[in-house]
Amino acid sequence: MRSILVTIATLTLIGCGQKSETPPAHPLADMVLTNGNVVTVDDALPRSEAVAITGDRITAVGTAADIFPYIGDQTEVIDLEGKTAIPGFIEGHGHYTSFGGSLLILDFRYANSFAEIVSMVEAAVDETEPGEWIIGRGWHQDKWDVKEDVLIEGLPVHDSLSAVTPDNPAMLIHTSGHGVFVNQKAMTLVEMGNDTAPPEGGEIVRDETGRATGMMRESAQDVFRQAFSGHQGRRPAGIAEDEMRRMVTLAGEESLRNGITSFQDLGTSFAEVDLIKRMADEGNVPVRLWMAFEEQAADMEGRLAEYRMVGYGNNFLTVRAIGEKVLDGALGTHGGWLLEPYSDLPRTSGLNVVPIEEIEASARLAMDHDYQLAIQGIGDRAYRELLNIYEAEFARHPEKTDMRWRIEHAQVIHPDDIDRTVALNVIPAVQGIFACSDGPWVVDRLGPERTRERGYIFNTLAEAGLVPTNGTDPPVDEIDPIASFHCSVTRILPDGTEFQPQEVYSRERALYSYTMGNAIAAFEEDIKGSITPGKLADITILSQDLTTVPNDEIMNTDVIMTILGGEVRYRDGEIVN
Ligand SMILES: [Zn+2]
């Protein structure tokens, strides 16, 4: 705020014709964004045109004229040409290194033919050491418009694949997970020949001469998966570290492409934090990370104090949370722990996965070491059990009033628990996109009445005064804030119907949830979440204004540029290093 006032004072002086006598009242900016539609998510000045940045901080926000005096010879001036600037998106719940790992694996979901898959594998061979496995996933023969000449049970034979992979075993996982397609090298490695009998519950698909085609159904894939994980486990530490570094880089770059400048990782390990801390020292962490330990309480005892770090490495690494242990399973598989039985499977009310005592032990550790606690509670029973655990721990420490413990996913909540959540200052860490990815079957699981009352009631929670949050849980769902924003404000399902439409966020609330809301959920509202002088210069430039475009145009929004700590890190389709 101070900078804005200074700027206004300067302009007043210019108006009096005294410019030449006025010494500069502020340092010149390193970067100025101007001629934009700046949506600040800051009530003090909700919309503006220009931003001045010095070092990694925002120094002033105002009209183009306000900010003009900050421009000097050395200032990089970016003309936004009317495009929209918002605070950098914060992914509120994801799994950072598994997301990076998913990007190492070839993605065949959009492949239109087996030949296309083979050429993707061929390109990967160039970047892979001989002997290393090539893994891909997501293929489905029904998506191929071009069919191979030789087809056995609708599938090709492995010859063209094996021809491009003489030195690398390859395992291509079917989208269902119920089978893999392998090359000759992989079959040689596991000593599978023409006379190998299939394991019980599995099928080695063969041509009319008895030769294996490469397709392994059900348990016949196990020997390949074991060979792969055995190989990974035997690799020298250096190679494993190189791969982990690559995952960190890939996950960060994919985040930046999506306008995400901070990523909240639910579920890291001491070893991962050790490596990422070294990378932070080197300046090699691509986005700002907030990481929560997913370790056994017994293993965390005695280590949490030394590992607690806030804003390490120029605010690229914060470790001050324990999560995401799972108190229950997922709704889709009838695992979410409910107060009453499933409507479509009345013999079960779901599952308690990690024992209550283990969560209680983590809660004590979190309290003792001033960590946040972020445990998965999907069903309304799991949610209530977590509130009980949190409440009991808070009661032991009434002096600690601002712990911001979270319940991850919070997809089904009994109305009686909403006020309790408010009273306990607990944050239901929800993901907007899940309302649309789960929407098609939630009513089956819960029945219409229970769904209406308790299912994905994200706006009801916000109206009750709880912090709205957002995210896509990558790699569970695509890392795509625009898609989650779209679902958050429309609840439109892929088939065009609506799911719980009374629970839409307003546009402003949806943007707030992905910026300030997620910042608050990590104790970072002082440095992130809005375009405000003094905060980190993490700013995303969009092709259009998410707060005003019609619903059916939201998904056409492109990320034009991602600025992180005052540096352009992504621009027009390219990562900038
Ligand atoms: Zn998760």
How far, in nm, would the chain grow between residue 498 and residue 167 when pulled straight, counting 0.36 nm per residue and subtracting the alpha carbon separation? 114.1 nm
When 150, 568 are ordered from fewest to most other Cβ atoms inside 10 Å of their Cβ, what list results? 150, 568
Which shape class, rounded, prolate or oblate, goes with the chain when its Cα gyration tensor gives a ≥ b ≥ c as root eigenvalues, a/c under 1.5 marks rounded, and past that a/b bigger than b/c marks prolate? prolate
For the stretch 402-407, take each phi angle, set θ = phi - 60°, evaluate the Karplus expression 6.51 cos²θ - 1.76 cosθ + 1.60, and give the result in whole Hz per residue in order, putting x for glycine and proline. 10, 9, 6, 5, 10, 10
Going by alpha carbons, how many degrees (0 to 90, nearest 10) lie between the helix axis of 270-281 and the longest principal axis of the chain? 50
Given R₀ = 45 Å, what would the calculated FRET efficiency be for residue 422 paired with residue 237, taking r from the Cβ atoms and rounding to 0.05? 0.40
Fully extended contour minus Cα-Cα distance, from residue 219 to residue 45, at 0.36 nm per residue: 56.6 nm
Find how much the distance from residue 404 to residue 552 grows on full extension, using 0.36 nm per residue of separation minus their present alpha carbon separation; answer in nm with one decimal. 49.7 nm
Calculated FRET value between residue 306 and residue 229, using beta carbons and R₀ = 30 Å, to 0.05: 0.45
Might you report the magnitude of the Cβ-based charge dipole of the chain about its Cα centre, with Lys and Arg at +1 and Asp and Glu at -1, to the nearest 20 debye? 1020
Neighbouring Cβ atoms within 10 Å as the yardstick, rank 476, 467 fewest first. 476, 467
Label-zone membership for the stretch 496-536, site residue 464, 7 angstrom Cα→C-beta point, backbone N under 16 Å: 503-504
What list do you get for 560, 479 if you sort them by fewest beta carbons within 10 Å? 560, 479
What does the C-alpha gyration tensor say about the overall shape of the stretch 237-362? Classify as rounded when a/c is under 1.5, otherwise prolate if a/b is larger than b/c, or oblate. prolate
Label point 7 Å beyond Cα of residue 453 along Cβ direction - residues of the stretch 378-419 with amide nitrogen under 11 Å: 414-416
For residue 529, the net charge from surrounding residues (Cβ-Cβ under 11 Å; K, R +1; D, E -1) works out to -3
Cα gyration tensor, the stretch 495-577 - rounded (a/c under 1.5), prolate or oblate: oblate
If each K or R counts +1 and each D or E counts -1, the residues other than residue 218 whose Cβ falls under 10 Å of its Cβ total -2
Which of the listed residues, 443, 300, 113, is farthest toward the dipole's positive end in the chain, when Lys, Arg count +1 and Asp, Glu count -1 at the beta-carbon? 300
Set the Förster distance to 60 Å, then compute FRET efficiency between residue 340 and residue 73 from the Cβ-Cβ distance, nearest 0.05. 0.30
Please list, by residue number, everything in the stretch 130-144 whose backbone N is under 12 Å from a paramagnetic label point 7 Å out along Cα→Cβ of residue 152. none
Rounded to 5, percent antiparallel among DSSP beta bridges of the chain: 50
Can you give me the distance in nm between label points at residue 200 and residue 123, each placed 7 Å from the Cα along the Cα-to-Cβ direction? 4.4
Taking the Cα centroid of the stretch 383-430 and of the stretch 494-523, what is the distance between the two, rounded to the nearest whole Å? 20
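Read-outs: derived from the displayed coordinates by stated rules, not from any lab. Everything numeric here is computed off the predicted structure, so don't read it as measured data. Methodologically, a virtual Cβ is constructed for each residue, glycine included, from the backbone with ideal geometry; neighbour enumeration extends over all protein chains shown.
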